[in-house]
Amino acid sequence: MDAKVYDLINDQINKELYSAYLYLAIADYYADAGLDGYANFYTIQAQEERDHALIFRKYLLENDEMPALKAIDAPDKEFHDFMEPLKAAYEHEQYVTGLIDNIYKVASEAHDYRACQFLQWFIDEQMEEEDTARDMITKMELFGEDRHSLYELDVKLQARAYSTPAKLAE
Ligand code: FEO
């Protein structure tokens, strides 16, 4: 594997685990605020990010490359109202999209078509993640001020359930 592609994929394991940490911090904020549905939603989001890290790890191992696990930064954001975590999540997903796009670019330049094909799943996933993050902001803008509506939203988010992505199970 091209050394630059390896380094970026290996780093992405760490970035995805940091994403899991960030979503756990967001889940903690909502749990503390009594919004258990939001807490559930972001706890599952953290599980998905851990899965993303595992998918990158699996890719390296299946290509005879050894992952080099690094220290994970602590999440450093503080939240002061129900909207701030949602905006932080959206900004973070845009940042991750940039990281994935960059790996794709470097893999293309290295003519690593296997990596490009592998990364396509993440390119699609980032479109969904950004869309979901924007939707969470829109719903809070629309209904966040009305306590009854916020309660209904929270109940709805409580229904989100975790499932292992097929890409990890395959
Ligand atoms: Fe792993 Fe939310 O991107």
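The values are calculated or read from the model by the stated rules, or taken from the named source; none is laboratory data. As the structure is a computational prediction, the values presented were derived from the model and not from experiment. Because the Cβ atoms are built from the backbone with ideal geometry, glycine has one as well, and the counts that use them run over all protein chains shown. These accessible areas exclude ligands, DNA and RNA; they are computed on the full protein's heavy atoms, side chains included. Shrake-Rupley method; radii C 1.70, N 1.55, O 1.52, S 1.80 Å.
By the combined test of axial Cα extent (at least 27 Å) and Kyte-Doolittle hydropathy (mean at least -1.0), the qualifying DSSP H helices of the chain come to 3-33, 36-62, 84-109, 113-143. Ordered by solvent-accessible area of protein heavy atoms (1.4 Å probe), largest first, the residues SER149, SER19, SER163 come out as SER163, SER149, SER19. Beyond 13 Å, the tail of the calculated P(r) for the range 7-79 holds 64 percent of the Cα pairs. So if the hydrodynamic radius of the chain is defined as the Kirkwood radius over C-alpha pairs, what does Stokes-Einstein give as its diffusion coefficient at 37 °C and 0.692 mPa s, in µm² per second? After rounding, the answer is 194 µm²/s.
Projecting the Cα atoms of PHE56, LEU150, TYR23 onto the charge dipole of the chain, computed from C-beta unit charges around the Cα centre, puts PHE56 farthest toward the positive end. For the chain, a simple Cβ point-charge model (Lys and Arg +1, Asp and Glu -1, everything else neutral) yields a dipole of about 320 debye relative to the Cα centre. In a fully extended conformation the segment linking ALA169 and GLN117 would gain 16.9 nm over its present Cα-Cα distance, using 0.36 nm per residue. Note on the chain: with a GNM built from Cα contacts shorter than 10 Å, the maximum mean-square fluctuation among GLU84, GLU49, GLU16 falls on GLU84.
Summing charges over all other residues whose Cβ lies under 14 Å from the Cβ of GLU65, with Lys and Arg as +1 and Asp and Glu as -1, gives -2.
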